[in-house]
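Peer 1: My structure is below; once you've seen it, I'll send some questions.
Nothing in this text is a laboratory measurement; each read-out follows from the coordinates by a stated rule. No experiment lies behind these values; they were computed from the predicted model shown. With ideal geometry, Cβ positions are generated from the backbone for all residues, glycine too; neighbour counts draw on all protein chains shown.
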């Protein structure tokens, strides 16, 4: 397993003045993996990406690329390329020359002749369905088309790693969804490692092999999308990835948690007796029944139609539950809430850091 | 509708101060003293060809030197911290707030062969004195001194607005600093260069004060002096003056058109 690690960050910290932007980041990325750095703005995800790209230097720690320390290597000598947030295309060059930019820089023995450049560029444009756009002016392209040019411009030199800094942020929802699928396809077809930065949890969940959740300069959790969604390590991750109900609970013993004064069966083990815990319940895991059958009972206070489902807020003993269901319960209605034992996610109280 | 009514003040301005004077100049250029239509004013213009070529030569030299000096200065200022940038931009503009004539007169005090500051210093150091006054060199010096800020400012402006990410993208794709400059920064700053070239070349080719004061007139006379003489000098002939002005204007329009063309062709130009 160790030998297919392509990028390894060891104890990376970054400070601007007194402000600690990254705090001891440890992260390895495997070859051909689609890794997403996910977190709210200011969490350090873009800083991490810029350190890997070589645009800024970390205050301390090491960056290894295929086992070699590269902290001192300037960006133009690194075997990775970047897709920038607002594309950063060369507006003085047409589509063809934008994509060919990286190829034309090769000098001496590596110098490519015009025919090869032409072949490679049209192959790339074909990859993103932009064949025939060679002569077009960059500014005449739509946002989605500019995005595609930016992606293949970065791919044309066949980097081992592609860094993507919120590349879909400026696109509308529909286009963003299409591009997500397309990016994933490109990544699988070319077999290149993608390191993708986003604050959009849905994007992260649908594209990634591995998600790295970050907050306040620290890694909160690393895992597959399923892990992150189903087994969030702390309340921050639970809250950031999808919507959650986070309740205070006390762990009575293994598989028994006390919420709102009642003991409830769950599946989590390994806590101390009577330890205060956060209990996370996903809105879609709440089953709505009659008040008598529910674990909790309460009154519906609001109902919103969300397209696929209804979103309801249910007031129970002073706590507002958020529940998703395809059947609407009207505001004012008294209902019961049921949750299956394995849908209670018990986690240690936040503020405690989580390790790898 | 709204935008139309807002443009009325400008239209009035344009008619009074641009259209009507233009009509006067054209009318004078194509008439004789009795205001009869004639091409006479244009018939003898080849006599002034040497003056015209001299103007062209000196203004091109000045413009090129201004570019060679102005680009690095604009580039260096744009790389400084925002606070320092403001100071340097202010310093660049400061001389322009001083009267143009005064600034040019002060060069006489500096360059004057007998009592000039330059030669006083040179002789005090026991070095040979130099005789620059009333030469074309002095005219070029005066042009550069007066018009250099018009080159620096537009270049600085376009460089400081350049997206840092585009430069990062070039580096990311494998360009070293020299390649980044020639393949990205320079082509993207062409609009600023074009503006600078225009703003230096146009006043330089039509100047008359600089050549009068520093060039001594006569053999160093420029096209601007020639026009000046037709209106205020002994040679009083506003009809000929208008004709020369028209020719100069057409020439400037053509050269600006050529530069604009160069600008729009820029896509992939400098490679």
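Peer 1: Only counting other Cβ atoms within 10 Å, I'd like B:143, B:133 sorted with the fewest neighbours first.
Peer 2: In increasing order of surrounding Cβ atoms, one gets B:133, B:143.
Peer 1: While we're here: Can you give the calculated 222 nm mean residue ellipticity of chain B, where each DSSP H run of n ≥ 4 adds -39,500 (n - 2.57) and the sum is split over every residue, rounded to the nearest 500 deg cm²/dmol?
Peer 2: -21500 deg cm²/dmol
Peer 1: Also: Which value at 222 nm does chain A reach when only helices count, each DSSP H run of 4 or more adding -39,500 (n - 2.57), with the total divided by all residues and rounded to the nearest 500 deg cm²/dmol?
Peer 2: -7000 deg cm²/dmol
Peer 1: In whole angstrom, note down how far apart the Cα centers of region A:112-143 and region B:47-87 are.
Peer 2: Rounded to whole Å, the Cα centres lie 38 Å apart.
Peer 1: Here's something else I'd like to know. Could you give the C-alpha radius of gyration of region A:168-318 expressed as a fraction of 2.2 N^0.38 Å, taking N as the number of residues it contains?
Peer 2: Scaled against compact globular proteins, the figure is 1.28.
Peer 1: Moving to a separate point now. Sticking with the crude label model, points 7 Å out along Cα→Cβ, report the distance from residue A:72 to residue A:216 in nm, one decimal please.
Peer 2: 3.6 nm
Peer 1: Whole percent per 20 Å bin, from 0 to the bin with the longest distance: what is P(r) over all C-alpha pairs of the protein assembly as shown?
Peer 2: Bins of 20 Å from zero give 15, 32, 27, 18, 8, 1 percent of pairs.
Peer 1: If the viscosity is 0.692 mPa s and the temperature 37 °C, what translational diffusion coefficient in µm²/s does Stokes-Einstein give for region B:93-188 when Rh comes from Kirkwood over Cα pairs?
Peer 2: 194 µm²/s
Peer 1: Still on this structure, I have one more. Could you work out the pair-distance distribution P(r) of chain B from its alpha-carbon pairs, with 5 angstrom bin width and percents rounded to whole numbers?
Peer 2: 1, 5, 9, 12, 13, 14, 13, 11, 9, 6, 4, 2, 1, 0, 0
Peer 1: Rounded if a/c is under 1.5, else prolate if a/b is larger than b/c, else oblate: which is region A:2-230, with a ≥ b ≥ c the root eigenvalues of its Cα gyration tensor?
Peer 2: prolate
Peer 1: To two decimal places, what compactness ratio does region A:243-348 give when its Cα radius of gyration is scaled by 2.2 N^0.38 Å?
Peer 2: Region A:243-348 yields a ratio of 1.07.
Peer 1: I've got another one for you. At a temperature of 37 °C and a viscosity of 0.692 mPa s, determine how fast region B:71-148 diffuses translationally according to Stokes-Einstein, using the Kirkwood radius over alpha-carbon pairs as Rh; express D in µm²/s, rounded to the nearest whole number.
Peer 2: So the translational diffusion coefficient is about 225 µm²/s.
Peer 1: Right, something else. In what order do A:282, A:136, A:104 fall by count of nearby beta-carbon atoms within 10 Å, going from fewest to most?
Peer 2: Ranked by crowding around the Cβ, least crowded first: A:136, A:104, A:282.
Peer 1: Can you give the FRET efficiency to the nearest 0.05 for residue B:234 and residue A:135, using r as the Cβ-Cβ distance and R₀ = 51 Å?
Peer 2: Calculated value: 0.25.
Peer 1: In addition: Fewest first, what order do B:13, B:107 take by the number of other Cβ atoms within 10 Å?
Peer 2: If I rank by nearby Cβ atoms, fewest first, I get B:13, B:107.
Peer 1: Take the alpha carbon atoms of region A:286-300, find their center, do the same for region A:196-244, and report the distance between the two centers in whole angstrom.
Peer 2: Value for the Cα centre distance between the two parts: 30 Å.
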